[in-house]
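Below is one structure; the comments refer to it alone.
The values are calculated or read from the model by the stated rules, or taken from the named source; none is laboratory data. Computed from a predicted structure; not experimentally measured. As a convention, Cβ positions derive from the backbone with ideal geometry for all residues, glycine included, and neighbour counts pool all protein chains shown. Note: areas computed on protein heavy atoms with side chains; ligands, DNA, RNA excluded. Shrake-Rupley method; radii C 1.70, N 1.55, O 1.52, S 1.80 Å.
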Amino acid sequence: MEASFDCVVIGSGNAGSCAALSAAETGCDKVLIVDICPPEWAGGNSYFTAGAFRTVHSGLQDLLPIVNNVSAEQVASIDMDKYTCEDFQGDIMRLGDGKPDPDLAGAVADASRDTITWLADSVGLPFMLSFHRQAYAVGGRQRFWGGMVLCTEDGGKGLIAAHQRALAKGKVDVWFNCRAVEITMENGAVSGLIVEKDGHKMSLRTPAVVLAAGGFEANPLLRAEHLGGEWERAIVRGTPYNQGGGFALAAALGARQTGDWAGCHSTCWDADAPTDAGQRDLTNQFTKSGYPLGIMVNTAGKRFVDEGEDYRNYTYAKFGRAILMQPEGHIFQIYDQKVIGSLRQEEYGDGIVRKIFADSIEELADKLVDSGLKSKQEFVETVRQFNDAVRNYQAEHPDATWNPAIKDGMSTQSSEKQLALPKTNWALTIDKAPLMAVKVACGVTFTFGGLAIDPETAGVLSEKTSTVIPGLFCAGEMVGLFHKNYPGGSGLMAGAVFGRRAGRAAAALKY
Ligand SMILES: Cc1cc2nc3c(=O)[nH]c(=O)nc-3n(C[C@H](O)[C@H](O)[C@H](O)COP(=O)(O)OP(=O)(O)OC[C@H]3O[C@@H](n4cnc5c(N)ncnc54)[C@H](O)[C@@H]3O)c2cc1C
């Protein structure tokens, strides 16, 4: 059986949906998305997101026309710094130790604001200001922090629901239970795709294939091969279907690989969460991103990162690795009553996570033994030293005020006492009972290794010729963009930018 399409997209996540919608709106009459997953897993990792989109903007007034949750009265009490193209590109480059391709990073930053307008107006994504995740109420004002301000209503669930509405409206076909098996070529250009649908092989004719099939994060063998053996025990945060199949298809055509194949995005994740796939009702709620407000201690009773090194958006994607490298691969986050009310309800609310409470550090240490703490003594000493260091700092800086919405400089380092491992910002004593601990492991989000593309068209480059392989495009996690670390909200944005460009370039093949 053979069917013809103007463009076939592999993957029904954010990048694939953007590619398909863009192809349909710029001239492709017959567009198909194929996805290996059953319909109830539609949307890939994108479904599991918080729907956070990082974008360049010139301040609150720039974004008000596209968000649906700011009343006229609220406007006067919101503080939001602008975020420039240089800021966005600079953040990708800075967090990647200068290794990302500056042209790719620049393309994402440069197109981000226009892409948000397209997503809002043409796709119909419901955008909101992310008060609950990206702002703190301080002195009666809502102050946004960390360069990221937008999210979709109802997070990834709302994102994928909106994409699906737009796909139906744009008459894009979506075939689930359909694995892409081989991309065929004729005269040096893409000519079709062989798929296995409900167990049957089919040949599809198409001049354009967009690879948007996610990374290899859900494949423990590939994780071990590329990231290292310990990554077999990382918990999968999202879809179980991102097994790296897209890379095998691309390799068969001689596509160039680039990016950080030994790197991935991974973060603090509920140690009690299911291990091999995310859970579609709770999605991102297993994230435990409150650490800038407290401390993290391993099972040996020691801190292992500077929890206040930078805004959470710039540290959370690398701290998963740090946790995985600790003994047993899990740790404890510790908070006291001064900050518990500032933790994200969606992540730390009642019934969301197992909370361990105690009235003193000693009692907490006793209770944590049941959850894997090996050294009570070391744990108590760590917290004691931490509290002493904070008190010394506060005594030396009596005017310092704690403010989680800015880098407040409230640290553990004073002339009197310095910790070998500082907490650089937001350091408060941990002493107001009841104290709370939650057990946290490493959740792997997506892998950074990917394909090399032309930033203008998202056309995949050939390893042999360094030119694009005609008819082959790539977007989303499969693009080798990030290295080592990642500014929060960049994944969805990069997927939208290159997905949109891929769709447009696929449509241009018709003419
Ligand atoms: C819990 C969680 C929270 C996150 N939060 C955010 C956030 O708020 N903001 C942000 O920017 N990023 C976030 N991310 C990262 C974000 O999910 C990714 O950057 C982005 O969604 C990737 O989109 P994609 O379309 O490339 O891949 P996906 O959305 O994963 O889609 C890939 C699709 O390809 C399909 N597929 C795989 N192999 C094949 C094959 N051989 N044949 C056919 N189909 C195949 C899969 O089934 C899947 O549906 C988060 C990720 C997770 C897991």
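If a residue has to be surrounded by fewer than 23 Cβ atoms within 10 Å (Cβ to Cβ) and closer than 13 Å to Lys423 by Cβ to count, how many in region 304-314 make the cut? Even if it seems obvious, please write down each step before you answer.
Step one: filter region 304-314 for residues surrounded by fewer than 23 Cβ atoms within 10 Å (Cβ to Cβ), giving 304-306, 309-311, 314.
From the residues that got through so far, the ones that are closer than 13 Å to Lys423 by Cβ too are 304-306, 309-310.
Here the count works out to 5.
When the residues of region 257-278 are narrowed to those that are within 30 Å of Ser191 (Cβ to Cβ) and outside any strand (DSSP E or B), which ends up nearest to the ligand (Cβ to nearest atom)? Spell out the reasoning first.
Just the residues of region 257-278 that are within 30 Å of Ser191 (Cβ to Cβ), to begin with: 257-259, 261.
Narrowing the set further to residues that are outside any strand (DSSP E or B) leaves 259, 261.
Details: Gly259: 13, Trp261: 16 Å.
Applying the filter and picking the extreme gives Gly259.
Count, please, the residues in region 167-183 that happen to be in contact with a Gly (Cβ under 9 Å, 6 or more places away or on another chain), crowded, with 21+ Cβ neighbours inside 10 Å and part of a helix (DSSP H, G or I).
Looking only at that region, the number is 0.
Every residue in region 453-480 that is within 16 Å of the ligand (Cβ to nearest atom), in a loop (DSSP other than H, G, I, E, B) and over 18 Å from Gly238 (Cβ atoms), please.
Let us first name the residues in region 453-480 that are within 16 Å of the ligand (Cβ to nearest atom), namely 453, 458, 460, 472-480.
Still in the running and in a loop (DSSP other than H, G, I, E, B): 458, 475, 480.
Ala458, Gly480 - these are the residues of region 453-480 that are within 16 Å of the ligand (Cβ to nearest atom), in a loop (DSSP other than H, G, I, E, B) and over 18 Å from Gly238 (Cβ atoms).
Any idea which of Gly155, Gly192, Gly199 is open to solvent by 20 Å² or more (accessible area, probe 1.4 Å) and out of contact with any His (no Cβ under 6 Å at 6 or more places or on another chain)? Outline the logic, then answer.
On the way: Gly155 fails: open to solvent by 20 Å² or more (accessible area, probe 1.4 Å); Gly192 fails: open to solvent by 20 Å² or more (accessible area, probe 1.4 Å).
Being open to solvent by 20 Å² or more (accessible area, probe 1.4 Å) and out of contact with any His (no Cβ under 6 Å at 6 or more places or on another chain) holds for just one of Gly155, Gly192, Gly199, which is Gly199.
Could you check region 45-62 and list, in sequence order, the residues that are within 6 Å of the ligand (Cβ to nearest atom), outside any helix (DSSP H, G or I) and either at positive phi or among the polar types (S, T, N, Q) (or both)?
Answer for region 45-62, where residues must be within 6 Å of the ligand (Cβ to nearest atom), outside any helix (DSSP H, G or I) and either at positive phi or among the polar types (S, T, N, Q) (or both): Thr49, Gly51.
In this structure, does Pro220 turn out to be open to solvent by 10 Å² or more (accessible area, probe 1.4 Å) and free of Cβ contacts under 8 Å to residues at least 60 places away in the same chain? Break it down stepwise before answering.
Numbers: open to solvent by 10 Å² or more (accessible area, probe 1.4 Å): yes; free of Cβ contacts under 8 Å to residues at least 60 places away in the same chain: yes.
Yes.
Restricting the search to region 462-496, which residues are surrounded by fewer than 21 Cβ atoms within 10 Å (Cβ to Cβ) and in contact (Cβ under 8 Å) with a residue 24 or more places away in the chain?
Applying the first criterion (surrounded by fewer than 21 Cβ atoms within 10 Å (Cβ to Cβ)) to region 462-496 yields 462-468, 470, 484.
Matches in region 462-496: Ser462, Glu463, Lys464, Ser466, Pro470, Lys484.
Cβ-Cβ below 9 Å, separation at least six or inter-chain, first residue in region 241-256 and near the ligand (Cβ under 8 Å from one of its atoms), second open to solvent by 60 Å² or more (accessible area, probe 1.4 Å): which pairs?
Matching pairs, first to second residue: Tyr241/Ile36; Gln243/Ile36; Gly245/Ile36; Gly245/Arg179; Leu249/Glu182.
Is it the case that region 25-34 has a residue that's in contact (Cβ under 8 Å) with a residue 40 or more places away in the chain and either outside the structural domain of Ala105 (by TED's automatic domain parsing) or assigned to a helix (DSSP H, G or I) (or both)?
Yes, because at least one residue in region 25-34 is in contact (Cβ under 8 Å) with a residue 40 or more places away in the chain and either outside the structural domain of Ala105 (by TED's automatic domain parsing) or assigned to a helix (DSSP H, G or I) (or both).
Of (1) away from the ligand (no atom under 15 Å from the Cβ); (2) open to solvent by less than 30 Å² (accessible area, probe 1.4 Å); (3) hydroxyl-bearing (Ser, Thr, Tyr), Tyr83 satisfies all except one. Which?
With respect to (1) away from the ligand (no atom under 15 Å from the Cβ); (2) open to solvent by less than 30 Å² (accessible area, probe 1.4 Å); (3) hydroxyl-bearing (Ser, Thr, Tyr), Tyr83 is out only on (1).
Looking only at region 48-68, count every residue that is open to solvent by less than 40 Å² (accessible area, probe 1.4 Å), of a type outside the set (D, E, K, R) and under 24 Å from Glu347 (Cβ atoms) and tell me the total.
Residues in region 48-68 being open to solvent by less than 40 Å² (accessible area, probe 1.4 Å), of a type outside the set (D, E, K, R) and under 24 Å from Glu347 (Cβ atoms): 8 in total.
Out of the residues in region 1-44 that are more than 16 Å from the ligand (Cβ to nearest atom) and polar (S, T, N, Q), state the one that is nearest to Ala502 (Cα to Cα).
Out of the qualifying residues, it is Thr26.
Looking at region 90-102, I want the residues that are open to solvent by 20 Å² or more (accessible area, probe 1.4 Å) and have a partner that is small (Gly, Ala, Ser) with Cβ atoms under 6 Å, at least 6 apart or on another chain. Which pairs are those?
From residues that are open to solvent by 20 Å² or more (accessible area, probe 1.4 Å), the pairs are Met93/Ala105.
Return the residues of region 292-303 that are under 16 Å from Thr382 (Cα atoms) and surrounded by 19 or more Cβ atoms within 10 Å (Cβ to Cβ); say none if nothing qualifies. Step through it out loud before you land on a result.
Taking region 292-303 first, the residues under 16 Å from Thr382 (Cα atoms) are 294-303.
Those that are under 16 Å from Thr382 (Cα atoms) and surrounded by 19 or more Cβ atoms within 10 Å (Cβ to Cβ): Gly294, Ile295, Met296, Val297, Asn298, Thr299, Gly301, Arg303.
Can we say Lys439 is within 30 Å of Gly238 (Cα to Cα), outside the structural domain of Ile183 (by TED's automatic domain parsing), buried (at least 18 other Cβ atoms within 10 Å of the Cβ) and in contact with a Gly (Cβ under 8 Å, 6 or more places away or on another chain)? So that I can check it myself, show each step before the final result.
Details: within 30 Å of Gly238 (Cα to Cα): yes; outside the structural domain of Ile183 (by TED's automatic domain parsing): yes; buried (at least 18 other Cβ atoms within 10 Å of the Cβ): yes; in contact with a Gly (Cβ under 8 Å, 6 or more places away or on another chain): yes.
Judged against the criteria, Lys439 is a match.
With the condition being at pLDDT 95 or above, I'd like the helices (runs of 4 or more DSSP H) fully within region 63-147 carrying at least 3 qualifying residues. Spell out how you get there, then give the answer.
Details: elements: 72-75, 85-95, 102-118, 131-134.
Of the helices (runs of 4 or more DSSP H) lying wholly inside region 63-147, those with at least 3 residues that are at pLDDT 95 or above span 85-95, 102-118.
Could you pull out the residue among Gly349, Gly372 that is open to solvent by less than 80 Å² (accessible area, probe 1.4 Å) and under 23 Å from Thr283 (Cα atoms)? Spell out the reasoning first.
Details: Gly372 fails: under 23 Å from Thr283 (Cα atoms).
Answer to the selection: Gly349.
Is there a residue in region 439-448 that is in contact with a strand residue (DSSP E or B) (Cβ under 7 Å, 6 or more places away or on another chain), more than 16 Å from the ligand (Cβ to nearest atom) and assigned to a loop (DSSP other than H, G, I, E, B)? First the steps, then the outcome.
Keep residues of region 439-448 that are in contact with a strand residue (DSSP E or B) (Cβ under 7 Å, 6 or more places away or on another chain), which gives 439-448.
Add one more test, that the residue is more than 16 Å from the ligand (Cβ to nearest atom), and what stays is 439.
Subset that is assigned to a loop (DSSP other than H, G, I, E, B): none.
There is no residue in region 439-448 that is in contact with a strand residue (DSSP E or B) (Cβ under 7 Å, 6 or more places away or on another chain), more than 16 Å from the ligand (Cβ to nearest atom) and assigned to a loop (DSSP other than H, G, I, E, B).
Can you find, within region 330-351, the residue that is farthest from Thr401 (Cα to Cα) among those that are of a type in the set (A, V, I, L, M, F, W, C) and touching a strand residue (DSSP E or B) at 6+ places or on another chain (Cβ under 8 Å)?
Here is the first cut: in region 330-351, the residues of a type in the set (A, V, I, L, M, F, W, C) are 331-332, 334, 339-340, 343.
When the remaining residues are screened for being touching a strand residue (DSSP E or B) at 6+ places or on another chain (Cβ under 8 Å), the result is 331-332, 334, 340, 343.
Numbers: Ile331: 29, Phe332: 26, Ile334: 21, Ile340: 18, Leu343: 19 Å.
Here the answer is Ile331.
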